[in-house]
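Participant: I am attaching a structure below and will ask some questions about it afterwards.
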Amino acid sequence: MSRFLIPLSEYNRIYQVTHGVSQTFGGAEKGCIFFACCGALILNKHYKIKASAVAGAFALCVNDTPEVAFFGENQGGRIVVSLKGFHMWVQTETHLIDFMAPIFPESFVDQKLSVPRKMLQRSMSSEASSLDAVNTPGDFYTIPDLELTNVLLDKFLDRPAMRDLLNIVDTWHGARRKPQLPSITMGDSAGDTHRLTLPRTTACGSW
């Protein structure tokens, strides 16, 4: 099995157009649902890779200390998944891919974690056996929640504005073999014009 389904350059392309749209309309650092939905859409449509957005708790060892970046809710020492504590990533038949990973440094700034700006694309077979086993940089552990996934996706996709933004990401990404446009201009229903530009940040290396 290949280590990666898509190369770093193409991972960054998906990340950048998604972040470029998200940062224009606010909340990029909190937009795991948006990143996951955009990533799954592009993988399915442009790569013919069967991919789905999955919600749940998520842990990733981010440095040699070791420190663990964790998405979830701590209830008396027990980690649970809830509407207040969750993450969403992309899952294929063989891999977990998180297109939000390049902005983990911003996502965890309040927790003072030292998080490198890297690509997160890992084989599911390499997942740690338990949360206690997440102790080397790149180790990860997931607690998927199908019920929460369905609730979150239904709510997200029921909003016409979110569907419009997904279409913008898809259009801006364009065909895989064509050069990436550094910016696009779009109009909204109120008659306002927005200029969207690619973020300067990219993933350097991989977990």
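The values are calculated or read from the model by the stated rules, or taken from the named source; none is laboratory data. Predicted, not measured: the structure shown is a model, and the values here were computed from it. Glycine also receives a Cβ, built like all others from the backbone with ideal geometry; neighbour counts cover every protein chain displayed.
Participant: For residue 71, which of the numbered conditions (1) within 22 Å of residue 153 (Cβ to Cβ); (2) in contact with a strand residue (DSSP E or B) (Cβ under 7 Å, 6 or more places away or on another chain); (3) modelled with pLDDT of 95 or more; (4) not acidic (Asp, Glu) fails to hold?
Facilitator: Residue 71 satisfies all of (1) within 22 Å of residue 153 (Cβ to Cβ); (2) in contact with a strand residue (DSSP E or B) (Cβ under 7 Å, 6 or more places away or on another chain); (3) modelled with pLDDT of 95 or more; (4) not acidic (Asp, Glu) except (3).
Participant: Condition test on residue 161, is it modelled with pLDDT under 90 and under 20 Å from the mean Cα position of the chain (by Cα)?
Facilitator: yes
Participant: Here are some residues: 199, 182, 137. Which one is under 23 Å from residue 47 (Cβ atoms) and either touching a residue at least 40 places away in the same chain (Cβ under 8 Å) or among the polar types (S, T, N, Q) (or both)?
Facilitator: Residue meeting the stated conditions: 199.
Participant: Still on this structure, please answer the following. With 21, 17, 81 as the choices, which residue is more than 30 Å from residue 185 (Cβ to Cβ), aliphatic (A, V, I, L, M) and surrounded by 15 or more Cβ atoms within 10 Å (Cβ to Cβ)?
Facilitator: When all the criteria are applied, what remains is 81.
Participant: All but one of (1) surrounded by fewer than 15 Cβ atoms within 10 Å (Cβ to Cβ); (2) modelled with pLDDT of 90 or more; (3) polar (S, T, N, Q) hold for residue 52; state the number of the condition that does not hold.
Facilitator: Every condition holds for residue 52 apart from (1).
Participant: Additional query: Could you tell me which residue of the range 95-141 is surrounded by the fewest Cβ atoms within 10 Å (Cβ to Cβ), considering only residues that are closer than 20 Å to residue 15 by Cβ and of a type in the set (Val, Ile, Thr)?
Facilitator: 109
Participant: Within the bounds of the range 60-75, is there any residue that is hydroxyl-bearing (Ser, Thr, Tyr) and free of Cβ contacts under 8 Å to residues at least 60 places away in the same chain?
Facilitator: yes
Participant: For a quick check of your reading: which strands (runs of 3 or more DSSP E) sit entirely within the range 95-194 and have at least 2 residues that are closer than 17 Å to residue 36 by Cα? Give the steps one after another, and end with the answer.
Facilitator: On the way: elements: 95-98, 120-123, 140-144, 183-187.
Strands (runs of 3 or more DSSP E) meeting the threshold: 95-98, 120-123, 140-144.
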